[in-house]
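I have placed the structure first, in the form of structure tokens, so that the comments after it can refer back to it.
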Amino acid sequence: MRRGLFDKHKVVVISILCFRIKVKRGEIPLEQYKQLILGKMFEGNAPQPDQLKFMQETNWLMIKGLEGLYNDIVKNVSQQ
């Protein structure tokens, strides 16, 4: 691995390593880790509230994709 590439992505590599350790220890559920790394998007029709039109539709669909794992967070974002 080139040194420049590693320096540029050092935080990403360390974060992924730490998350994998926490998953292995059972401190983070595997589904939450996969969601964070893969960024699963909502599949279907998810109308974006008017107050969140500043947000790109892709970001809104990713937030909606979190609904199954983090219902309370998504509800708070939807209501603001």
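Here's how it looks for ILE28: its modeled amide H is under 5 Å from those of VAL23, which are all 5 or more places away or on a different chain.
Residue by residue, the stretch 14-20 carries 3J(HN,Hα) couplings of 5, 4, 4, 4, 5, 4, 5 Hz when phi is fed to the Karplus relation 6.51 cos²θ - 1.76 cosθ + 1.60 (θ = phi - 60°); x denotes Gly or Pro. Working from label points 7 Å from Cα in the Cα-to-Cβ sense, the MET55 to TYR33 distance is 2.6 nm.
Computed from the coordinates by the stated procedures, all read-outs in this text should not be read as laboratory data. All values reported here derive from a predicted model rather than from experimental measurement. For neighbour counting, all protein chains shown are included, and Cβ atoms are generated from backbone atoms with ideal geometry for every residue, glycine included.
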